[in-house]
Each structure stands twice: as structure tokens, then as C-alpha cells.
1. Got a sec? How would K290, K222 order by Cβ neighbour count within 10 Å, fewest to most?
2. Could you line up F40, F309 from fewest to most neighbouring Cβ atoms inside 10 Å?
3. Restricted to Cα positions, what overall size does the stretch 204-289 have along the principal axes? Three whole-Å values, descending.
4. Provide the per-residue ³J(HN,Hα) series for the stretch 96-110, in order, calculated from phi with Karplus coefficients 6.51, -1.76, 1.60 and θ = phi - 60°, each as a whole number of Hz, with x at glycine and proline positions.
5. Taking K290 as the anchor, which lysines have their alpha carbon closer than 26 Å to its alpha carbon, excluding any fewer than eight residues away along the same chain?
6. Given labels modelled 7 Å from the Cα in the Cβ direction, how far is it in nm from R260 to Y132?
7. Can you sort H291, H47 from fewest to most other Cβ atoms within 10 Å of each residue's own Cβ?
Amino acid sequence: MTAPRTARLAAGTLALSLAVLTTSVAAQQAEPQVRPETSFVLAGSLHEGRGDDMSGGDAVDAGGADDSRYYTGGQFGLAFSRRGRRLSVVADANGGARYFRDLSHIESVGHRASAGVELRLGRSRLQAGHAYFDTPFQQLLPQIGVEGESTRSASDPDSSLSSTHTVQQASTVGWRRGLGRRSELAFNYGFSTTKVGDAAVQDVHQGGSSFRHRIGRGIELKLGHQARLFEDSLRGTGARVVAHDLDLGVDLERELSFSRRSRVAFTSGSSIVSSDLGRRFVATGQASLKHEINRTWNAVAAFARKVDFVEGLPDAVIGQTGSLRLGGSWGQRLGLMLRGSAGSGVIGVEGDSTYRSITTQARASLTLSPAWNWYVEHFYYQHTINGAFLRTGVPADAFRSGVRTGLDVRLDAIRRRR
């Protein structure tokens, strides 16, 4: 089945579901009361740093393999949101640059913009969004977020491995509806296209449906299927990777019986990955354990195993990542955050290519006022890739480390409720 045909089929299924299931929405359930709110926020960061060292990539050619460069940088953004009784709209944009004094060079750290809408019809929610990214080529490998979700820090300039820019556009549409107090039905479809450098293009179509039913406190039964079609020009015309993600099982999130300060979350699933080289079954899942040390301090441990498609790699990434995070504050002003993650896995269905990655970050902050925050932080990133065909300028072995300090500012230009 071709990609356009897949897109039309998914869009048609979503449209039919919307037509059939929302015709009697308004008459069946009373709408929840939503208090309208409008906000417009300006945010920015000015920082001074040293580092951005890297081995193996084109940044080395610019500054030298052992060069520890000093830079002055800034990032600025704005965000708008309008939440109404039926319709909500959100939009944001940001960008930034750095000046390397020893090289007399200004380097963009990228810019991005996104917009989304949500229409509430009784117990139904119709959502749509579009995002645009233009950033230096980011780090290759997945990490884990605070609560165990798999992420990659695509907006972090310290993640860039090459001055080659990645331009990505992504559109999504989704519909969900509550069925009684315990159940929910959802459909979604998305398409993204990525251009790495001048010619390399990657397209991803994904769409699916899910049904969730709460069977007890903190326990949900889930039934769902998500299909992802990945096409990369680096693999040649007609070369595709298809992943079928099966959500069959339960999601668990609840406090431990022997400790109300500890909360565990677990979700299970599986994926079937197919390409012109074969097929592979992958058991997937995520788990996290959060412990509240006291009122202002907490620790989180997380693990995830999943199938991912990464810009710059011509095949699926199948791997696992573990992470730890410790954070909290002393009084009203001082804060500390320590975070680290490590991952490993294979690239491609056959598993001939492997990868390893390590990421750490330490950050201390001082709140000067409700709008101003001063911070100092250290970061480290390393990866090793064996056997995979990489794009020009993307290193198989890379590390970066550095330290920076700066000021964050956040101004609520508009915040109005009715």
C-alpha cells in the first residue's frame, strides 16, 4: 500500500468516525464548565558558556578537536493561549543564536513555531496541530523524560552534532470521546517530513485508534493499534520500514502500599517492525518510580524500551534507556536538579548495527524575582554507533561537555480570566 493511499485511508476512517459518533453529542451529556482564559507570555534566556566540545563531527573542523570555546548566547520566545468554553487555541514560537568570540562567529541554535486547536463537543474532543522546526542537526539517540516517556531534546542547542540544519514539519489530527465515566475511545493521524541538509528527506505517516477502560483505582485496560510508515531517501526509492505498535494490556499508576510517598507507573505493549530485510517482534514498555523525599524534594527512576524513528538514521532504532533524576529546592529561592540517562540498542531489523549513549546534566538555580531566575549548569553527552551508515557530517563517535551560566526571564504580558 503506497504512502498516499495509506494517508487517504487513515483520513477517511477518521472522518467517518467523526461523522457517526458526534451526531448526538450535544444532546447526550452536559458540557463541563470551562472558565475562559487568555494568556500571552514572553520568555527569554541570556547565557555565557564554555564547552560545546565535540569529537568526530564538523564542529571540530571549525574549532579544533581540543578547543574549548567561549560563547555568549540568547534564546527568546513567545506563547499565546486562548481557552474558551468550546474552542481553545494555542500558539508559540522561539529562536536563538550564539556568538563565539574566539572564532568571531555567530551560529543559529534554530527556531521553531507551532499552533494547535481543540474543539469540545460535549464529551468529545477534536484536536489538530502543526509544528515547524529548523534546528542544527540534533543528537541521534532517544532519552527518557521525567516521568518515563521517551523523548529527545530537540530544542536544546547543546544536543546539536553538526552545523547541518534539520527542517521538519509535522501535522496531527485527533479525536477522542468519553464513554461513560470509565472509558474513552480515540483516533489519531499524523504526518511529518524531515529534510536533513539540502537533499535528504524522511517521511513518516502514522495513525491508529485506542480504547481505554478504567477497571480500578490507577489501573486501566487498553486496546489499541498504531501503524507507522517510515520512508528515507537514503535507503533508495521504494525502501520503507513499517512498525505496528500493539497496545494490548494494562496501564498501572498508583501509590505503593508500604509507602504513600512512592508512586509507580507501568505500561506494556509490543511492536512488529518490517522492512525489505525482514520482520522483527519487539516487546515494548515503560516504567517509572517516583519518590517524594519531602515536601520540596523528589527522585524519579525510569526505564523505557521502544521502537523509534530518528532523523539522520535510515532505519528503525530498537533500544532501551534508563534514567535517574533528583531535584528539589531549599527555601523559596535555591534549587538543584541532577539528571542522567544511559541507552543501548540496535539499528535496523537485522540488528547488525548497535549504539550506546550517555547523557548527564546538573543545574543549580537562584530565583531573583517571580520573573527572573539565575542558573549555572553542566552538561555531558556521548554516543557510539557501530555498523550503521550515517549521513555526511554525522559522527559515529561523539562527545560534548560544557558549563554555562545565565538568566531566564518570563513575563506574563497578558493573563485575563472571565
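1. K222, K290
2. In order of increasing Cβ crowding within 10 Å: F40, F309.
3. On the principal axes, the stretch 204-289 reaches 56, 23, 19 Å in Cα extent.
4. Result, ordered by residue: x, 7, 10, 10, 9, 5, 5, 9, 6, 10, 9, 10, 6, 9, x Hz.
5. K222, K306
6. Result for the modelled spin labels: 5.1 nm.
7. H291, H47
None of the figures in this text is laboratory data; all of them are computed from the coordinates on show. Please read these numbers as outputs of a predicted model, since none were measured by experiment. Note that we place each Cβ from the backbone using ideal geometry, even for glycine, and neighbour counts take in every protein chain shown.
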